1. Name the residue that is surrounded by the most Cβ atoms within 10 Å (Cβ to Cβ), counting only residues in the range 36-77 that are more than 16 Å from E103 (Cα to Cα), touching a strand residue (DSSP E or B) at 6+ places or on another chain (Cβ under 9 Å) and charged (D, E, K, R).
2. From the list S107, S80, S136, S90, which one is of a type in the set (G, A, S), surrounded by fewer than 16 Cβ atoms within 10 Å (Cβ to Cβ) and modelled with pLDDT of 80 or more?
3. If you scan the range 68-87, which residues turn out to be polar (S, T, N, Q) and within 13 Å of the chain's Cα centre (by Cα)?
4. Looking at S90, S55 in this structure, which one is among the polar types (S, T, N, Q), touching a Leu at 6+ places or on another chain (Cβ under 6 Å) and free of Cβ contacts under 8 Å to residues at least 40 places away in the same chain?
5. Restricting to the range 1-18, give me the number of residues that are assigned to a helix (DSSP H, G or I) and touching a strand residue (DSSP E or B) at 6+ places or on another chain (Cβ under 8 Å).
6. Hey, R21 hits all of (1) surrounded by fewer than 15 Cβ atoms within 10 Å (Cβ to Cβ); (2) part of a loop (DSSP other than H, G, I, E, B) but one; which does it fall short on?
7. Every residue in the range 98-113 that is part of a loop (DSSP other than H, G, I, E, B) and not β-branched (V, I, T), please.
Amino acid sequence: MKELSILLVEDNDDDRFLTMRLIRKLPFPLRIETSRNGEEALKRILGEKADPLPSLVLLDLQLPKISGVSLLSSIREKYSASVLPVIVLSSSDNPRDLKICTEMGISGYLSKPLDPLELQGYIEALTQPLRFSPDSSADPHPSP
């Protein structure tokens, strides 16, 4: 697996620290960048520093300057979910937040505090290529 580049967009110092600790324990080669607010993240993703894009964005919804929902909307105006996956991290249990984000094309929605296995599952699902074509007649478990 190639190195993953994760952009963590989180304004709360404690949440950022805990999330980064959790990410570093994942069994993937990765690099973590952080943005403390929506404006920093917008510059990183859509500004001059956008190249290369991160492999994945972990996005808090409650951000200063530019909200997570507004940031997600700006990202989706330029990049599809297949080009730049976004997993929302939220302490909100408001179904409206989930509905809005889902309609904008998120790749996942995780409640805080994060479950390490759930986060790992989302990342694995987003990064593992299909091993064989669904319409392939080849046996996915060939004999040695």
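The values are calculated or read from the model by the stated rules, or taken from the named source; none is laboratory data. Owing to the predicted nature of the structure, the values given are computational and were not obtained by experimental measurement. We place every Cβ from the backbone using ideal geometry, glycine too, and count neighbours over all the protein chains shown.
1. Filtering first and then ranking leaves D60.
2. Result of the check over S107, S80, S136, S90: S80.
3. Taking the range 68-87 and keeping what is polar (S, T, N, Q), we get 70, 73-74, 80, 82.
The answer is S80, S82.
4. Selected residue: S90, the only one of S90, S55 that is among the polar types (S, T, N, Q), touching a Leu at 6+ places or on another chain (Cβ under 6 Å) and free of Cβ contacts under 8 Å to residues at least 40 places away in the same chain.
5. Of the residues in the range 1-18, the ones assigned to a helix (DSSP H, G or I) are 13-18.
When the remaining residues are screened for being touching a strand residue (DSSP E or B) at 6+ places or on another chain (Cβ under 8 Å), the result is 15-16.
The total comes to 2.
6. (2) is the only condition that R21 fails.
7. Correct list: G105, S107, K112, P113.
Per-residue answers, yes or no, for (1) out of contact with any Leu (no Cβ under 8 Å at 6 or more places or on another chain); (2) of a type outside the set (D, E); (3) modelled with pLDDT under 85; (4) surrounded by 13 or more Cβ atoms within 10 Å (Cβ to Cβ):
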site	(1), (2), (3), (4)
N94	yes, yes, yes, no
D97	no, no, no, yes
Y122	no, yes, no, yes
L126	no, yes, yes, yes
P129	yes, yes, yes, no
